[in-house]
1. For the stretch 1-19, how many residues are free of Cβ contacts under 8 Å to residues at least 40 places away in the same chain and of a type in the set (A, V, I, L, M)?
2. Could you tell me which numbered condition ILE83 fails, if it satisfies all but one of (1) surrounded by 12 or more Cβ atoms within 10 Å (Cβ to Cβ); (2) touching a Phe, Trp or Tyr at 6+ places or on another chain (Cβ under 9 Å)?
3. Can you name the residue in the stretch 54-71 that is of a type in the set (Gly, Ala, Ser) and at negative phi and, of all such residues, is surrounded by the most Cβ atoms within 10 Å (Cβ to Cβ)?
4. Name the residues in the stretch 20-32 that are surrounded by 13 or more Cβ atoms within 10 Å (Cβ to Cβ) and either in contact (Cβ under 8 Å) with a residue 12 or more places away in the chain or over 17 Å from ALA61 (Cβ atoms) (or both), would you?
Amino acid sequence: METTVWTFNLSVPFSEWAKIYDSDDVTQMHASVGIKSLFRGVSKDDASKVCAIQQAPIGVAQKIFEDNKEMIRGAGHIIESTIITSYSEQ
C-alpha cells in the first residue's frame, strides 16, 4: 500500500469540487480499484488550494489520475498545478 498526498488548485469553489469528489460515481470508481480517501480539504489561507490524501495499492491512485485527467479537469481541478507525493510503509 502507498499513501498519496495530492495538492492542487481549483478553478471552481471548493464546495463544488468536493460535491463531485464525494459523489457516488467517484466513490464507487475509487472503491473498485482499492482507493481509500483519507482526507480532502481546502487551504485556510487560499480558497483555491486543495489537499487530498488517499491510500491504495502501489501505483493505482496515479494511474487513475492519468487515465481520467479530462474528467478530473471537468470537476475544476487545475491539472497543471498538481503536486503528487507518495509514501510507502516499505
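Read-outs: derived from the displayed coordinates by stated rules, not from any lab. A quick note: this is a predicted structure, and the numbers were derived from the prediction, not measured. Glycine also receives a Cβ, built like all others from the backbone with ideal geometry; neighbour counts cover every protein chain displayed.
1. 1
2. Tallying (1) surrounded by 12 or more Cβ atoms within 10 Å (Cβ to Cβ); (2) touching a Phe, Trp or Tyr at 6+ places or on another chain (Cβ under 9 Å), ILE83 fails exactly one: (1).
3. Taking the candidates together, the pick is ALA61.
4. Narrowing the stretch 20-32 to residues surrounded by 13 or more Cβ atoms within 10 Å (Cβ to Cβ): 20-21, 26-27, 29-30.
Hits for the stretch 20-32 are ILE20, TYR21, MET29, HIS30.
So that you can scan it fast, the table gives a plain yes or no per residue for (1) in contact with a helix residue (DSSP H, G or I) (Cβ under 9 Å, 6 or more places away or on another chain); (2) closer than 20 Å to SER88 by Cα:
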| site | (1), (2) |
| --- | --- |
| TRP6 | yes, yes |
| SER15 | no, no |
| GLY34 | yes, yes |
| ASP46 | no, no |
| GLN55 | yes, yes |
| ILE58 | no, yes |
